[in-house]
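Heads up: the structure comes next, in structure tokens.
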Amino acid sequence: MTVNELLNHGFNAVSLPEPEREITGVYIGDLLSWVMGRAKASDAWITIMSNENILAVAALADTACIITAEHVEISDSVKNTAELKGINILSFDGSAYDAAVKLHGLI
Amino acid sequence: MSEALKFHFTVDGEDFTSAGKASVQVKKNLRQLGLPPEIIRRVSIAMYEGEINMVIHAGGGEADVAVTEDCVEIFLHDSGPGIKDIDRAMQEGYSTASDSIRSLGFGAGMGLPNMKRYTDYMDIKSTVGKGTDITMKVML
Ligand SMILES: Nc1ncnc2c1ncn2[C@@H]1O[C@H](COP(=O)(O)OP(=O)(O)O)[C@@H](O)[C@H]1O
Ligand SMILES: [Mg+2]
């Protein structure tokens with residue numbers, strides 16, 4: 001499924017410059033080196049990290065989108081940079097586990 | 001094409017938020033050259049880890065990337081504190097990163113092991129008090 005199709009399922013758009021990106025898997029993690037090394041291209045990456053460094057990691061690992069779980073707030077500056085750099089970010093009002101379960105039923 | 005294509009970057013040691021800039025640019029350049037996605041991914045991961053290390057452990061440095069007929073070569077140079085025990089630094093989970101760095105998601109101690117894992121060749125030369133030079137190659 002595509003990133004923008006998640007919007008009807010409890011995921012909220014924070015930055016959506018590439019709405020048609022296809023999601024083919026899921027990776028959960030907050031340690032950036034693990035995400036860099038283990039997330040696959042086109043994964044939805046679920047994390048509670050919100051600082052600007054997640055943008056470079058998402059760009060380099062080529063994830064389909066970042067999903068911030070647990071009501072984590074993304075600052076306007078990170079949001080604006082994400083839009084500029086073509087990085088999709090969604091937020092989810094539940095745990096990483098709940099987000100993953102939801103994604104499992106969808107993709 | 002027998003001449004190597006070369007890219008040079010200065011990695012700013014002050015600015016955490018832009019860390020990874022050089023790696024993202026290299027990724028773009030390699031894409032434009034039409035290199036295979038898996039090669040680009042490996043170069044990106046290795047270079048990002050090296051770039052981040054220069055920012056968090058060495059106060060910045062220089063990065064040079066050369067694309068030749070048979071490999072992508074990444075050369076990183078910094079004039080930071082150097083690495084006392086390279087074998088130890090290469091172990092998964094070993095990190096001297098501070099708590100504030102860890103709270104940003106760095107300091108997992110996986111950087112050097114990732115660089116080794118995702119490249120075909122890696123050489124570290126480091127002198128305490130002088131700095132660190134790292135050469136990595138990903139074969140095409
Ligand atoms: N360029 C560098 N200059 C000085 N020390 C470094 C450098 N790169 C790595 N190190 C040392 O090696 C350790 C392990 O590096 P790494 O595997 O990337 O883990 P991390 O960066 O998460 O601490 C670092 O904690 C640091 O002590
Ligand atoms: Mg590191």
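The values are calculated or read from the model by the stated rules, or taken from the named source; none is laboratory data. The structure presented is a predicted model; accordingly, all values stated were derived computationally and were not measured. With ideal geometry, Cβ positions are generated from the backbone for all residues, glycine too; neighbour counts draw on all protein chains shown. For the accessible areas, the whole protein counts, side chains as well, though only heavy atoms, and no ligand, DNA or RNA atoms are used. Shrake-Rupley method; radii C 1.70, N 1.55, O 1.52, S 1.80 Å.
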- [ ] Filter the stretch A:41-50 down to the residues that are touching a Phe, Trp or Tyr at 6+ places or on another chain (Cβ under 9 Å) and of a type in the set (A, V, I, L, M), then identify the one that is surrounded by the most Cβ atoms within 10 Å (Cβ to Cβ).
- [x] A:A44
TODO: Can you confirm whether the stretch A:51-74 contains a residue that is more than 8 Å from chain B (Cβ to nearest Cβ), open to solvent by 20 Å² or more (accessible area, probe 1.4 Å) and of a type in the set (S, T, Y)?
DONE: no
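Filter the stretch B:4-27 down to the residues that are assigned to a strand (DSSP E or B) and among the hydrophobic types (A, V, I, L, M, F, W, C), then identify the one that is most open to solvent (accessible area, probe 1.4 Å).
Pass one, the stretch B:4-27, residues assigned to a strand (DSSP E or B): B:5-12.
From what's left, among the hydrophobic types (A, V, I, L, M, F, W, C): B:5, B:7, B:9, B:11.
Details: B:L5: 61, B:F7: 38, B:F9: 33, B:V11: 10 Å².
By that ranking, first place goes to B:L5.
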Task: Answer residue from the stretch A:16-25, given it is more than 14 Å from chain B (Cβ to nearest Cβ) and touching a residue at least 24 places away in the same chain (Cβ under 8 Å) and is surrounded by the most Cβ atoms within 10 Å (Cβ to Cβ) among those - done: A:I23
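Restricting attention to the stretch B:109-116, does a residue exist that is within 14 Å of chain A (Cβ to nearest Cβ), loosely packed, with under 13 Cβ neighbours inside 10 Å and of a type in the set (G, A, S)? Talk me through it step by step, then tell me what you get.
Step one: of the stretch B:109-116, the residues within 14 Å of chain A (Cβ to nearest Cβ) are B:109-116.
Filter once more, keeping what is loosely packed, with under 13 Cβ neighbours inside 10 Å: none.
Scanning the stretch B:109-116 turns up no residue that is within 14 Å of chain A (Cβ to nearest Cβ), loosely packed, with under 13 Cβ neighbours inside 10 Å and of a type in the set (G, A, S).
Would you check which residues across the stretch B:117-129 are part of a loop (DSSP other than H, G, I, E, B) and either buried (at least 19 other Cβ atoms within 10 Å of the Cβ) or facing chain A (nearest Cβ under 8 Å) (or both) and list them?
Filtering the stretch B:117-129 for residues part of a loop (DSSP other than H, G, I, E, B) gives B:118-120, B:128-129.
Within the stretch B:117-129, B:Y118, B:T119 meet the criteria.
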Open item on the list: What's the total number of residues in the stretch A:26-40 that are open to solvent by 50 Å² or more (accessible area, probe 1.4 Å) and at the interface with chain B (Cβ under 8 Å from one of its Cβ atoms)?
Closed with: 3
Task: Of all residues in the stretch B:76-89 being buried (at least 17 other Cβ atoms within 10 Å of the Cβ) and among the hydrophobic types (A, V, I, L, M, F, W, C), the one that is farthest from ligand 1 (Cβ to nearest atom) - done: B:L76
Open item on the list: Within the stretch B:56-70, take every residue that is on the phi < 0 side of the Ramachandran plot and open to solvent by less than 10 Å² (accessible area, probe 1.4 Å) and give me the one that is farthest from the other protein chains (Cβ to nearest Cβ).
Closed with: B:V67
TODO: Any chance you could count how many residues in the stretch B:28-52 are part of a helix (DSSP H, G or I), open to solvent by 10 Å² or more (accessible area, probe 1.4 Å) and of a type outside the set (V, I, T)?
DONE: 8
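Across the stretch B:54-75, which residue is nearest to ligand 1 (Cβ to nearest atom) among those that are among the charged types (D, E, K, R) and in contact (Cβ under 8 Å) with a residue 60 or more places away in the chain?
Within the stretch B:54-75, the first condition is being among the charged types (D, E, K, R), and the residues that meet it are B:62, B:64, B:69-70, B:73.
Narrowing further to those that are in contact (Cβ under 8 Å) with a residue 60 or more places away in the chain: B:69-70, B:73.
Details: B:E69: 29, B:D70: 27, B:E73: 18 Å.
Filtering the stretch B:54-75 for residues that are among the charged types (D, E, K, R) and in contact (Cβ under 8 Å) with a residue 60 or more places away in the chain, the one nearest to ligand 1 (Cβ to nearest atom) comes out as B:E73.
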Open item on the list: Looking only at residues that are more than 9 Å from chain A (Cβ to nearest Cβ), in a loop (DSSP other than H, G, I, E, B) and open to solvent by 40 Å² or more (accessible area, probe 1.4 Å) in the stretch B:93-108, which one is nearest to ligand 1 (Cβ to nearest atom)?
Closed with: B:T96
